[in-house]
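Trainee: Got a structure for you, questions after.
The values are calculated or read from the model by the stated rules, or taken from the named source; none is laboratory data. Nothing here was measured: the structure is a model prediction, and the numbers come from that model. Methodologically, a virtual Cβ is constructed for each residue, glycine included, from the backbone with ideal geometry; neighbour enumeration extends over all protein chains shown. In case anyone asks, the SASA skips ligands and DNA or RNA and just uses the protein heavy atoms, side chains included. Shrake-Rupley method; radii C 1.70, N 1.55, O 1.52, S 1.80 Å.
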There are 2 protein chains.
Amino acid sequence: MSTRLSQLFVRTLREDPVDAEVASHRLLVRAGYIRRQAPGVFAWLPLGLKVRRKIEAVIREELEAFGAQEVLFPALLPREPYELTGRWTEYGDGIFRLKDRKDADYLLAPTHEEVFTLLVKDLYSSYKDLPLSLYQIQDKYRDEARPRAGLLRGREFSMKDSYSFDYTDAGLDLSYQQHRDAYERIFTRLGLEYVVVSADAGAMGGSKSEEFLHPTPIGEDTFVRSAGGYAANVEAYRTTPPEAQPIEGLPAPLVFDSPNTPTIDTLVALANEQQPRADRPWTAADTLKNIVLALTSIDGSRELVVVGLPGDRDVDMKRAEVAFAPAEVEPATEKDFAELAKLEGNPGFVKGYIGPWSPEGAVIGEKSATGVRFVLDPRVVDGTQWITGANVHEKHVLGLVAGRDFIADGTVEVADVRAGDPAPDGSGPIETARGMEIGHVFQLGRKYAEVLGLKVLDENGKLVTVTMGSYGIGVTRLMAAIAETTNDGKGLLWPKNISPFDVHIVAAGKDAVVFETAETLVGSLESAGLDVVFDDRPKVSPGVKFGDAELLGVPMIVIVGRDAANGMVEVWDRATNERTSTPVADVVAALTK
Amino acid sequence: MSTRLSQLFVRTLREDPVDAEVASHRLLVRAGYIRRQAPGVFAWLPLGLKVRRKIEAVIREELEAFGAQEVLFPALLPREPYELTGRWTEYGDGIFRLKDRKDADYLLAPTHEEVFTLLVKDLYSSYKDLPLSLYQIQDKYRDEARPRAGLLRGREFSMKDSYSFDYTDAGLDLSYQQHRDAYERIFTRLGLEYVVVSADAGAMGGSKSEEFLHPTPIGEDTFVRSAGGYAANVEAYRTTPPEAQPIEGLPAPLVFDSPNTPTIDTLVALANEQQPRADRPWTAADTLKNIVLALTSIDGSRELVVVGLPGDRDVDMKRAEVAFAPAEVEPATEKDFAELAKLEGNPGFVKGYIGPWSPEGAVIGEKSATGVRFVLDPRVVDGTQWITGANVHEKHVLGLVAGRDFIADGTVEVADVRAGDPAPDGSGPIETARGMEIGHVFQLGRKYAEVLGLKVLDENGKLVTVTMGSYGIGVTRLMAAIAETTNDGKGLLWPKNISPFDVHIVAAGKDAVVFETAETLVGSLESAGLDVVFDDRPKVSPGVKFGDAELLGVPMIVIVGRDAANGMVEVWDRATNERTSTPVADVVAALTK
């Protein structure tokens, strides 16, 4: 096949689009692959569509290799299935909703768990029908608050979503592994570096979840990893709790005046003046910071929760969102504090001096006088001693002992995670990095099947609920991620297996011999089975043509210039930037080797 | 390639879906090709998707053969471009509209003229860039009032829409012809009978338009054709006007009492009693029926128009809609008649007795006393004499002469079209038939380019407005049309080039030799490059397997039964229903011949 650049629907731009923040966005627009239609919504030009289709083909091949079957759902779906699982409401502002002429509710589906579940329920009824893996490559919609970075976070995007159906946990493990393996093969074939990180499965109600992150400074996700092989996204990182300490024999709490302690360091210094610990001086890690968070549940009700964590840590709101999902989390407001102050048995709850204890006993925790829920960072184990607020202006208490002086209602992972923290699997200290999510594998378990009634008869004729997995790859995002990684600043630079063409031939010069040689080369490369684009534009200077060739990103370029008269052309390998003078007769061999 | 039916995600149904009105809908659902998600919205199962992709491939090949290039637009588009062309409003209830979280208006695009125009404007600026034909295969949405017949009229459907861009009328003619030719090749390759009919270009503001109709009794369109080769949809049929007659010497109109004339025949009989025409008796075709229609324009204003047509014809509301587009048309209400009766100079306007004349002169027509617009069927030429109402209860007038006694404001094509009417090109009498629209080619002209400012520099450096064509094929509808035509009542029956598989092998029996022979055949057919589906279900009876094979619609079936022990199988050609006993060794040859 061959295409003449003079005929191809493409225009390169010299200027970066004004809204482009990242290289992939800049280059895909400048090279004429995509064009913006609305915020986060793009049209695909011939070159963009061609690369996209090649990526899709790789994904299809690897999924079908293990027996996954392709189906296709519409984007427009009725409200009912999403109502049954609660997601119609849970999605909040994040989805597009609309009504038809009969005033019935619809959505543009952001993901399809519900309808896949119902489809399998519609068709299948026996364990003999399982396992089953279905997938689709389909355009999805999300009403992102801040669409950005071109294809990296769009409001319309192509996604490959798969769903697996099994009737045993072991079956789900296998289906999950098949998808996970296929994803590894897909990203490897596409030449994209990835890290598989543990993800928190909580929000989707499932049991196991991993993300494929492509490490990149422009990634929206933070993940952690250890030299010993541990990797997780920050939301999934689990703190290693220290061992509990004996409580017996610890001194009683001491309330002390704490004026002029604007920082934790000043507070710690004062505590050490008042009464150092028996074994060592107090440090910032011995202070207990008590943060009041307001949780809004799906039904709209608001609960105030106090989170206690070491004073040298901050609350990471992303981790808090996952920890308290599906409720929404925000810091308590002044009004919330006023509510706390009205509670029976409250000791004052003065902002900046909040603590779980007053001289009368525990004041936070479901079993305490106020009944306010109190959850602790996992580091606050029984027998640990703390400096914390005494619920009175300019008063703190020291030597408050967990498990003796205050009552916790469980632990919570909201403290920030830092380089140097230990990997939970003992594989050493972690480092943090930025990544872009390119794939997600997920054991949903029986949540959707339960709610939507997907059951099959097992070997014993007993109805059992199906267990499911859900697996996603953002196709258009993946393309942007590849563009982001492979470009060399001057232009796109595609891996050979997804490049829109195999070879880009540039006729650099006006002489007849240049064009004749180029035409001959087009013919022989075509005959050799290569897909060729030929820059045949008669009045465009070689410099502009070279620039366009770099921008478009075909990895192999052949420059037919003055030397064509001597039977020589230049073969330019974009990846190494090497230009090799090559006899015309050897070009096919050089490019197909 | 081969697929085992036991592994394929498919379930056949014995019962027709309750809402299925047509064979294609019944069979595509029963054979497990599609599943309903909402009214007019379907999910595509593996078999359905496979056939759909093959149809798309045929379309792509034929379009790319003449240089059309594929792009892809989103379904979700902003309001603005559609606002500029007026279509945001014109579409009325027919489209899905929605808002994003910032309250901006969007639509799910029913067709993409606007954004293709803007895209070309964005990229191109010179006549050298033209001609250009772009296309996409994309899911479209229309909020149909009555989605019906499965894929034949859905609210979500896949459409191939192309747009051509030229800077001369001759160029547009060529681009139009290229599309038209490609469409002929596409429908021919898909084995679908079609008639190319002239269509009315009015509503889209263009100049030339033809529809590809597939003749079928379940078609929603009526078209007319003559033995001599004329074909048009009913909306586009143009009446051949008779020659005008000399007015001089015709008798003056005669008002007469017309009680007890409930029908046109009784009125004609009475007129002949009163005063026959000089040359012949009056007939029903000599009566002038004056119908008041109410037109609602896009801006909401309402106009009453009187349409005069021969009394032996009725108003065809579909033709009226096209004739008065973009205004909406309905019969006048009682309230409208009351408005007419209030007009200055009105002669009474009694319903049932409305006429364009009273003894004082013309009473309808923009230049008449009332100023009401009056349009005439093309048969009402100057010098023709009419019997019509006298605007008074139980009074008619005869011998009213067109061009003498009443003033027309032009002609209009709203009278119904009947078998036996003359083809406008003189190719003989027409017959009427039902058809289903499967393609549409359209010269849009400069309307969209004008409004959206798509101009290029011509050879003389002058800015000229681009002229466009718009060309559509309903892909999913096309698939249903093929299913509708090719099925044999027992099941689907695909043309070979779009069948989901080349061969359907049925293991009919429980003996080991049956399965062994079938497996061997699968292998050899695969090696011969055929795509095989193998019904390997161990516990399903041959009868059920045959039924399923018929339902699924693969045109060639191989039955491996008891005779396998003797090295013989049956090759079943669904199209001819012939079953040929064939040696196993000859099956590949029989199927690849």
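Trainee: Suppose we filter A:ARG153, A:ARG180 for residues that are in the same structural domain as A:ALA20 (by TED's automatic domain parsing) and more than 30 Å from A:GLU459 (Cα to Cα); which single one remains?
Mentor: Working: A:ARG180 fails: more than 30 Å from A:GLU459 (Cα to Cα).
The conditions single out A:ARG153.
Trainee: Restricting attention to the range A:75-87, which residues are open to solvent by less than 20 Å² (accessible area, probe 1.4 Å) and over 13 Å from A:LEU118 (Cα atoms)?
Mentor: Once the filter is applied, which keeps residues that are open to solvent by less than 20 Å² (accessible area, probe 1.4 Å) and over 13 Å from A:LEU118 (Cα atoms), the range A:75-87 yields A:ALA75, A:LEU76, A:ARG87.
Trainee: Continuing with this model, one more query. Quick one: would you say A:ALA323 is of a type in the set (Gly, Ala, Ser), crowded, with 20+ Cβ neighbours inside 10 Å, touching an Asp or Glu at 6+ places or on another chain (Cβ under 7 Å) and closer than 30 Å to A:THR85 by Cβ?
Mentor: Numbers: of a type in the set (Gly, Ala, Ser): yes; crowded, with 20+ Cβ neighbours inside 10 Å: yes; touching an Asp or Glu at 6+ places or on another chain (Cβ under 7 Å): yes; closer than 30 Å to A:THR85 by Cβ: yes.
Spelling it out, A:ALA323 is indeed of a type in the set (Gly, Ala, Ser), crowded, with 20+ Cβ neighbours inside 10 Å, touching an Asp or Glu at 6+ places or on another chain (Cβ under 7 Å) and closer than 30 Å to A:THR85 by Cβ.
Trainee: Would you say A:ARG60 is within 23 Å of the chain's Cα centre (by Cα), facing chain B (nearest Cβ under 9 Å) and modelled with pLDDT of 95 or more?
Mentor: no
Trainee: Could I ask something else about it? Looking at (1) over 39 Å from the mean Cα position of the chain (by Cα); (2) open to solvent by 50 Å² or more (accessible area, probe 1.4 Å), which one does B:ASN497 not meet, given that it meets all the others?
Mentor: Only one criterion is unmet by B:ASN497, namely (1).
Trainee: Also: Being of a type in the set (Asp, Glu), closer than 15 Å to B:GLY399 by Cα and open to solvent by 60 Å² or more (accessible area, probe 1.4 Å) is the filter here; which residues of the range B:267-320 pass it? Before you say what the answer is, go through the steps one by one.
Mentor: Here is the first cut: in the range B:267-320, the ones of a type in the set (Asp, Glu) are B:273, B:279, B:286, B:299, B:303, B:312, B:314, B:316.
If we keep only those that are closer than 15 Å to B:GLY399 by Cα too, we end up with B:273, B:279, B:286.
Of everything in the range B:267-320, those that are of a type in the set (Asp, Glu), closer than 15 Å to B:GLY399 by Cα and open to solvent by 60 Å² or more (accessible area, probe 1.4 Å) turn out to be B:GLU273, B:ASP279.
Trainee: Given (1) at pLDDT below 95; (2) facing chain A (nearest Cβ under 7 Å), identify the lone condition not met by B:LEU13.
Mentor: Failed condition: (2).
Trainee: Can I ask one more? So which pairs qualify, if the first residue must be in the range B:211-223 and more than 16 Å from B:ALA236 (Cβ to Cβ), the second must be open to solvent by 30 Å² or more (accessible area, probe 1.4 Å), the Cβ gap must be under 6 Å, and the two must be at least 6 apart or on different chains?
Mentor: Listed by first residue and then by second, the contacts come to B:HIS214/B:TYR194; B:PRO217/B:ARG434.
Trainee: Report the residue count in the range A:350-383 for those that are farther than 20 Å from A:GLU303 by Cα and over 36 Å from the mean Cα position of the chain (by Cα).
Mentor: Residues that pass the stated criteria total 7.
Trainee: Now, a different point. Given the range A:120-234, what strands (runs of 3 or more DSSP E) lie entirely inside it while holding 3 or more residues that are in contact with a strand residue (DSSP E or B) (Cβ under 7 Å, 6 or more places away or on another chain) and crowded, with 20+ Cβ neighbours inside 10 Å? First the steps, then the outcome.
Mentor: On the way: elements: A:132-141, A:156-166, A:195-198, A:208-215, A:221-226, A:231-233.
In the range A:120-234, A:132-141, A:156-166, A:208-215, A:221-226, A:231-233 are the strands (runs of 3 or more DSSP E) which contain 3 or more residues that are in contact with a strand residue (DSSP E or B) (Cβ under 7 Å, 6 or more places away or on another chain) and crowded, with 20+ Cβ neighbours inside 10 Å.
Trainee: Please find, within the range A:583-592, the residue that is nearest to A:VAL514 (Cα to Cα) out of those that are open to solvent by less than 60 Å² (accessible area, probe 1.4 Å) and touching a residue at least 24 places away in the same chain (Cβ under 8 Å). Explain how you work it out, then say what you get.
Mentor: Taking the range A:583-592 as the starting set, the residues that turn out to be open to solvent by less than 60 Å² (accessible area, probe 1.4 Å) are A:583-584, A:587-588, A:590-591.
Still in the list and also touching a residue at least 24 places away in the same chain (Cβ under 8 Å): A:584, A:587-588, A:591.
Numbers: A:VAL584: 12, A:VAL587: 15, A:VAL588: 17, A:LEU591: 19 Å.
Here the residue is A:VAL584.
Trainee: Looking at B:GLY509, B:GLY461, B:GLY472, B:GLY489, which one is touching a residue at least 24 places away in the same chain (Cβ under 8 Å) and either β-branched (Val, Ile, Thr) or assigned by TED's automatic domain parsing to the domain that holds B:TRP88 (or both)?
Mentor: The unique qualifying residue is B:GLY472.
Trainee: Here's something else I'd like to know. Please determine whether any residue of the range A:91-102 is open to solvent by 20 Å² or more (accessible area, probe 1.4 Å) and more than 9 Å from chain B (Cβ to nearest Cβ).
Mentor: Checking the range A:91-102: at least one residue is open to solvent by 20 Å² or more (accessible area, probe 1.4 Å) and more than 9 Å from chain B (Cβ to nearest Cβ).
Trainee: In the range A:561-579, how many residues are closer than 15 Å to A:HIS504 by Cβ and of a type outside the set (D, E, K, R)? Give the derivation first.
Mentor: Just the residues of the range A:561-579 that are closer than 15 Å to A:HIS504 by Cβ, to begin with: A:561, A:569-575, A:577, A:579.
From the residues that got through so far, the ones that are of a type outside the set (D, E, K, R) too are A:561, A:569, A:571-572, A:575, A:577.
Qualifying residue count, the range A:561-579: 6.
Trainee: Check B:ALA227, B:ALA236 and return the single one that is of a type in the set (A, V, I, L, M, F, W, C) and modelled with pLDDT of 90 or more. Working first, answer last.
Mentor: Details: B:ALA236 fails: modelled with pLDDT of 90 or more.
Selected residue: B:ALA227, the only one of B:ALA227, B:ALA236 that is of a type in the set (A, V, I, L, M, F, W, C) and modelled with pLDDT of 90 or more.
Trainee: Could you check B:GLY426 against (1) in a strand (DSSP E or B); (2) on the phi > 0 side of the Ramachandran plot and say which number it fails?
Mentor: Condition (1) is where B:GLY426 drops out.
Trainee: Restricted to the range B:326-337, and to residues that are more than 22 Å from B:THR388 (Cβ to Cβ) and out of contact with any strand residue (DSSP E or B) (no Cβ under 9 Å at 6 or more places or on another chain), which residue is surrounded by the fewest Cβ atoms within 10 Å (Cβ to Cβ)?
Mentor: B:LYS335
Trainee: For the range A:235-257, name all the residues that are in a loop (DSSP other than H, G, I, E, B) and within 44 Å of the chain's Cα centre (by Cα).
Mentor: We begin by selecting, within the range A:235-257, every residue in a loop (DSSP other than H, G, I, E, B); these are A:237-253.
Passing the criteria: A:TYR237, A:ARG238, A:THR239, A:THR240, A:PRO241, A:PRO242, A:GLU243, A:ALA244, A:GLN245, A:PRO246, A:ILE247.
Trainee: Let me ask something else about it. Checking the conditions here, which among B:GLY461, B:GLY474 is surrounded by 24 or more Cβ atoms within 10 Å (Cβ to Cβ) and closer than 30 Å to B:PHE116 by Cβ?
Mentor: Details: B:GLY461 fails: surrounded by 24 or more Cβ atoms within 10 Å (Cβ to Cβ).
Of the residues listed, the single one that is surrounded by 24 or more Cβ atoms within 10 Å (Cβ to Cβ) and closer than 30 Å to B:PHE116 by Cβ is B:GLY474.
Trainee: Name every residue in the range B:241-251 that is in contact with a strand residue (DSSP E or B) (Cβ under 8 Å, 6 or more places away or on another chain) and open to solvent by 70 Å² or more (accessible area, probe 1.4 Å), in order of residue number.
Mentor: Taking the range B:241-251 as the starting set, the residues that turn out to be in contact with a strand residue (DSSP E or B) (Cβ under 8 Å, 6 or more places away or on another chain) are B:241, B:247, B:250-251.
If the condition is that a residue be in contact with a strand residue (DSSP E or B) (Cβ under 8 Å, 6 or more places away or on another chain) and open to solvent by 70 Å² or more (accessible area, probe 1.4 Å), then B:PRO241 is the only one that fits.
Trainee: Residue pairs, Cβ under 7 Å, 6 or more apart or interchain, first in the range A:70-86 and in contact (Cβ under 8 Å) with a residue 12 or more places away in the chain and more than 7 Å from chain B (Cβ to nearest Cβ), second assigned to a strand (DSSP E or B) and surrounded by fewer than 18 Cβ atoms within 10 Å (Cβ to Cβ). List them.
Mentor: From residues that are in contact (Cβ under 8 Å) with a residue 12 or more places away in the chain and more than 7 Å from chain B (Cβ to nearest Cβ), the pairs are A:ARG79/A:ASP105.
Trainee: Considering only residues that are more than 8 Å from chain B (Cβ to nearest Cβ) and within 17 Å of the chain's Cα centre (by Cα), look in the range A:129-148 and name the one that is modelled with the highest pLDDT. Working first, answer last.
Mentor: Just the residues of the range A:129-148 that are more than 8 Å from chain B (Cβ to nearest Cβ), to begin with: A:129-131, A:133, A:135-138, A:140, A:142, A:144, A:146-148.
Filter once more, so that each one left must be within 17 Å of the chain's Cα centre (by Cα): A:140, A:142, A:144, A:146-148.
Working: A:LYS140: 92, A:ARG142: 88, A:GLU144: 82, A:ARG146: 79, A:PRO147: 76, A:ARG148: 74.
The extreme case among them is A:LYS140.
Trainee: Looking at A:LEU49 and the list (1) facing another protein chain (nearest Cβ under 10 Å); (2) in contact with a helix residue (DSSP H, G or I) (Cβ under 6 Å, 6 or more places away or on another chain), which single condition is not satisfied?
Mentor: With respect to (1) facing another protein chain (nearest Cβ under 10 Å); (2) in contact with a helix residue (DSSP H, G or I) (Cβ under 6 Å, 6 or more places away or on another chain), A:LEU49 is out only on (2).
Trainee: A further question on this structure: Return the residues of the range B:105-119 that are in contact (Cβ under 8 Å) with a residue 40 or more places away in the chain and either part of a strand (DSSP E or B) or more than 11 Å from every other protein chain (Cβ to nearest Cβ) (or both); say none if nothing qualifies.
Mentor: Residues of the range B:105-119 in contact (Cβ under 8 Å) with a residue 40 or more places away in the chain: B:111-119.
Those that are in contact (Cβ under 8 Å) with a residue 40 or more places away in the chain and either part of a strand (DSSP E or B) or more than 11 Å from every other protein chain (Cβ to nearest Cβ) (or both): B:THR111, B:GLU113, B:THR117.
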